[in-house]
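We did not get these values from a lab; they are worked out from the coordinates using the rules stated. Everything numeric in this text was worked out from a predicted model, so none of it was measured. Virtual Cβ from ideal backbone geometry, glycine too; neighbours counted across all protein chains shown.
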Amino acid sequence: MSDDQVPDFNIRKSLSMVFATPLVVHDWPNSESHNAELQHLVLGKAADDAKNDITRSNAGGWQSAGNLSTRKEPCIETLRQRIEKLVTKLLQELIRDEGRDRSFRLLIDSWANVSRRGDYNVVHTHPNCMWSGVYYVTPGKPDPDVPYGGLLELLDPREAHNYIQIANTVMDARNFYENKPGRMLLWPSWVKHMVHPYVGEGVRISIAFNVNVVEDGR
Ligand SMILES: [Fe+2]
C-alpha cells in the first residue's frame, strides 16, 4: 500500500478528551505573610478545640469544624476570595463558548487540617458538592527518605485504569501533589483522594474546602 492510500494527517483536529477530569494546581504568589497569619489562626484554634476533635477522613491529626469561611479574619477573607477566583475562572474555562455570559453564586465551606508525625487521610470523596480542593499553609518538614510522605494522591476514577500499558502519558493513573505553601488545588468533588502519612518534624497544615455552585437566574 502506498503513502497515497494512507495519507498523513494532524490527529489534533480529530482528537477530543471525553470524560474529562479537570484539575487546577495554582501557586498563589507572595503568600508568606498570609500563610503565617493562617498558621497562627489554625494552631490557636486547634489548641482551643483540642477536646473537640472532628474525625472525617483524618486518621489522627486535627480537623476544625466546617465553618472556617464564616470567620472574619483578613486571612480567611483572602482565602475565600482566592477560592472564589479560582472556581470562577475554571467555570468560565469549562463552559462552552456560547455560554460565557452566564454567572454563578458560590457557596463555600472550608476547614483546617493539622497533621503531625504518622497522621494521614484515608481514601474519600466530598459528597453533596461540585468542587473540592485544598490550600497549603505549610508542609512541615517531611522526612525526604519517606516515600510519598504527606503527599496528596488523586485516584483515577476509571475502573479499568490498569489497562493503560505505557507510562508517562496524559492517562497516567497515579497522581501525587506536593503541599507547597501557597498552592491551591481544585478538582471535582467525586474524585477519590487521600493523603499519605506525614512523617517528619513540626506540623503540616492545610485548609480544605467544598464549593457548591448556584447559577444566577435559575
Ligand atoms: Fe478530602
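Being in a loop (DSSP other than H, G, I, E, B), basic (Lys, Arg) and within 16 Å of the ligand (Cβ to nearest atom) is true for just one of Arg56, Arg102. Which residue is that? Reasoning before the result, please.
Values: Arg102 fails: within 16 Å of the ligand (Cβ to nearest atom).
Matching residue, one of Arg56, Arg102: Arg56.
Out of curiosity, is Ile108 away from the ligand (no atom under 13 Å from the Cβ), buried (at least 18 other Cβ atoms within 10 Å of the Cβ), under 13 Å from Val211 (Cα atoms) and touching a residue at least 24 places away in the same chain (Cβ under 8 Å)?
Values: away from the ligand (no atom under 13 Å from the Cβ): yes; buried (at least 18 other Cβ atoms within 10 Å of the Cβ): yes; under 13 Å from Val211 (Cα atoms): yes; touching a residue at least 24 places away in the same chain (Cβ under 8 Å): yes.
Here the answer is yes, as Ile108 does meet what is asked.
Do we find a residue being free of Cβ contacts under 8 Å to residues at least 40 places away in the same chain and part of a loop (DSSP other than H, G, I, E, B) anywhere in the range 177-200? Yes, because at least one residue in the range 177-200 is free of Cβ contacts under 8 Å to residues at least 40 places away in the same chain and part of a loop (DSSP other than H, G, I, E, B).
Scanning the range 194-218 for residues that are more than 26 Å from Lys45 (Cα to Cα) and either under 14 Å from the mean Cα position of the chain (by Cα) or surrounded by 21 or more Cβ atoms within 10 Å (Cβ to Cβ) (or both) yields nothing.
Report, by residue number, each residue of the range 20-48 that is among the polar types (S, T, N, Q), assigned to a helix (DSSP H, G or I) and surrounded by 12 or more Cβ atoms within 10 Å (Cβ to Cβ). Spell out how you get there, then give the answer.
If we filter the range 20-48 for residues that are among the polar types (S, T, N, Q), which is where we start, we get 21, 30-31, 33, 35, 39.
Retained after the next criterion (residues that are assigned to a helix (DSSP H, G or I)): 33, 35, 39.
Answer for the range 20-48, where residues must be among the polar types (S, T, N, Q), assigned to a helix (DSSP H, G or I) and surrounded by 12 or more Cβ atoms within 10 Å (Cβ to Cβ): Asn35, Gln39.
The set of residues in the range 201-216 that are under 25 Å from Leu91 (Cβ atoms) and part of a loop (DSSP other than H, G, I, E, B) contains only Asp216.
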